[in-house]
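To start, the structure under review is shown below, and the notes come after it.
The values are calculated or read from the model by the stated rules, or taken from the named source; none is laboratory data. Predicted, not measured: the structure shown is a model, and the values here were computed from it. Methodologically, a virtual Cβ is constructed for each residue, glycine included, from the backbone with ideal geometry; neighbour enumeration extends over all protein chains shown. The protein model used for the area step is the full one, side chains on, heavy atoms only, and it has no ligands, DNA or RNA in it. Shrake-Rupley method; radii C 1.70, N 1.55, O 1.52, S 1.80 Å.
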Amino acid sequence: MSEIEDFLHAEAALLDARDFPGWLKLFAPDGIYWIPAIADDIDPRREVSIVYDNMQHLAERVWRLDSGLAYAQEPTSRTARLVGNIRIVADDGDELDVESSFLVAEYRAGVQHVHAGQYRHRLRRAGGELQIVRKKVELINNDGQLGNLSLLL
């Protein structure tokens, strides 16, 4: 369990440090980053999501955030993340499903926002390292007014 906790805390630290290329390296080549809209149990291929990125789209998102061309991030957000209540819910030896609670405080343009919910990670062991196969971000208010949600959660 310590390995999983360390991995999730390291992921949070990369995002808070705005090391988006470093964060992207945590993903498997077939990785998915998903933020459902309206409900948590939708089929992202049939219903609208806030974000449903494969690695190509996620790499483009990271490039935009680092390029200065992400105008929704002018000025850039400063964030502090808490990840807790980490639990392994399935482990088949090669891949594991991990659930955790998160809180992200974001400060941008003189306003502070708080984003909270559940992370649902599917992690794969590859070459002795953990990789993110899927990161699902279930916001507690994904059916409400979200405003400018232009940061990586």
Quiz item: Suppose R0 equals 35 Å; then what is the FRET efficiency for S67 and E129 from their Cβ-Cβ distance, rounded to the nearest 0.05?
Solution: 0.80
Quiz item: Per residue, how much accessible area does the chain have with a 1.4 Å probe, in Å²?
Solution: 53
Quiz item: By how many nm would the segment from Q118 to N54 lengthen if fully extended, with 0.36 nm per residue of separation less the alpha-carbon distance?
Solution: 21.0 nm
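Around D30, with a cut-off of 14 angstrom between Cβ atoms, what is the net charge of the other residues, counting Lys and Arg +1 and Asp and Glu -1?
That works out to +1.
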Practice problem: Work from the charge dipole of the chain (Cβ charges, +1 for Lys and Arg, -1 for Asp and Glu, about the Cα centre) and give the residue of Q131, V111, H121 farthest towards its positive end. | Solution: V111
Quiz item: What is the distance in Å between the Cα centres of the stretch 81-153 and the stretch 8-33?
Solution: 11
Quiz prompt | Mean separation of Cα contacts under 8 Å, 6 or more apart, over the residue count of the chain: relative contact order % | solution = 24
Self-check item: Cα centre as origin, Lys/Arg/Asp/Glu Cβ charges: the chain dipole, Debye
Solution: 440
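Would you please give the FRET efficiency between R87 and V111, computed as 1/(1 + (r/R0)^6) with r the Cβ-Cβ distance and R0 = 41 Å, to the nearest 0.05?
On the way: r = 33 Å, r/R0 = 0.81.
My answer for the efficiency is 0.80.
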Exercise. Would you compute, from DSSP H runs of 4+ residues alone, the mean residue ellipticity of the chain at 222 nm, taking -39500 (n - 2.57) per run and dividing by the full residue count, rounded to the nearest 500?
Key: -6500 deg cm²/dmol
Exercise. State the percentage of accessible surface on the stretch 11-153 attributable to carbon and sulfur atoms; use a 1.4 Å probe and exclude ligands, DNA and RNA.
Key: 51
